[in-house]
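This report refers to the structure that appears directly beneath it.
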Amino acid sequence: IRKILKVFPMTNNIGLLLTHFFVKENEGYKWNWVKKSIILNKKINKNFQIVLSGHGQFPPKKILDLIHGLHWEKKIRENQIGMGHPHFVLKGFQICKELSCKTTLKKRAFDWIEHDKILNLKLVFCSTNTNFKKKQLSDLIMYGDTNLLIRLWSCNEWDHNLQDGLENLFINMLKIYKDINFFKKEVTLLSSRELGWKTFYDYKGEGPKYWG
């Protein structure tokens, strides 16, 4: 299911893509986290064009009323979990583009940021999840030009034989920038605390807390 729920006649909108998200039949409680994270993010920028992209149990009305675009699939794609959810990330970015979002902040659906520092920079990734020596580029939170981020997630076919999405994104970054030193000059890397990036539930099953 793919929908544009609300359209605003504005240009240079900022997209807020909520993804890396699935809901099984017994996981309806996740929607409370998503609703709270949307409300917290809107305190930073009330004009975010909010797009949700995920799979599983369909979003309830309390969520649909808060978002502007949706890509949702009933069947959970198991091969996306732990691999960066590339299919859903790309679908979400494409909707952000349709909503005239020149730039987009992408993150997990039940995470939020405490301040707008990230929105005042050109291209941002999280240093907490990035390790160039291990050929890993953070795939959970990022901000930048929407068209560039679409290219970053689509310039190569995702390799599910790699360990995770971080390795795939690093490879894609090299294809676009050719030289890692050039990329370092273009990007700002900030820790989760510097970003004010918090989550209701992290990979350890802990939260609310800063990621990592």
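Listed values, structure above:
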read-out: Residue pairs, from the table Lys42/Lys209; Lys36/Lys209; Lys117/Lys204; Lys46/Lys106; Lys74/Lys102; Lys30/Lys61, whose Cα atoms sit over 23 Å apart; value: Lys117/Lys204; Lys74/Lys102
read-out: Two-decimal log10 I(q)/I(0) for the stretch 66-157, as the Debye equation yields it once each C-alpha is a single scatterer, q = 0.11 Å⁻¹; value: -0.33
read-out: For the stretch 105-212: Kirkwood Rh in Å [reciprocal of mean 1/r, alpha carbons]; value: 14.3 Å
read-out: Angle in degrees between helix 30-44 and the longest Cα principal axis of the chain, rounded to the nearest 10; value: 70 degrees
read-out: The stretch 47-150: trypsin sites (Lys or Arg not before Pro) falling in loop per DSSP and having at most 13 other Cβ within 10 Å; value: Lys74, Lys75, Lys122
read-out: Longest to shortest principal axis, alpha-carbon extents of the stretch 166-207, angstrom; value: 38, 22, 10
read-out: Dipole in debye (nearest 20) - the stretch 40-88, about Cα centre, beta carbon charges: Lys, Arg +1; Asp, Glu -1; value: 220 debye
read-out: Inter-site label distance for Asp164 and Tyr177 at 7 Å from Cα along Cβ, in nm; value: 1.9 nm
read-out: Under the Debye formula (equal points on every Cα, no solvent term), log10 I(q)/I(0) of the stretch 1-110 at q = 0.19 Å⁻¹; value: -0.91
read-out: Size of charge dipole - the stretch 1-139 - debye, nearest 20, with Cβ of Lys, Arg +1 and Asp, Glu -1, no other charges; value: 120 debye
read-out: FRET efficiency, 1/(1 + (r/R0)^6) with R0 45 Å, evaluated for Asn26 and Lys102 via beta carbons; value: 0.70
read-out: Kirkwood-based shape ratio for the stretch 108-162, expressed as Rg/Rh from alpha carbons; value: 0.98
read-out: The chain: most fluctuating residue of Val89, Val34, Val51 per GNM, C-alpha cutoff 10 Å; value: Val34
read-out: For Trp153, solvent-accessible area (1.4 Å; no DNA, RNA or ligand), Å²; value: 10 Å²
read-out: Leu64/Lys204 FRET efficiency (R0 25 Å; Cβ-Cβ; nearest 0.05); value: 0.25
read-out: Å² per residue, accessible surface of the stretch 1-109 at 1.4 Å; value: 46 Å²
read-out: P(r) histogram, all alpha-carbon pairs of the chain included - 5 Å bins from 0, percent; value: 1, 7, 16, 21, 22, 17, 10, 4, 1, 0
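The values are calculated or read from the model by the stated rules, or taken from the named source; none is laboratory data. Model, not experiment: these values are computed from the prediction. As a convention, Cβ positions derive from the backbone with ideal geometry for all residues, glycine included, and neighbour counts pool all protein chains shown. Remember, those area values only see protein heavy atoms, side chains included, never the ligands or the DNA or RNA. Shrake-Rupley method; radii C 1.70, N 1.55, O 1.52, S 1.80 Å.
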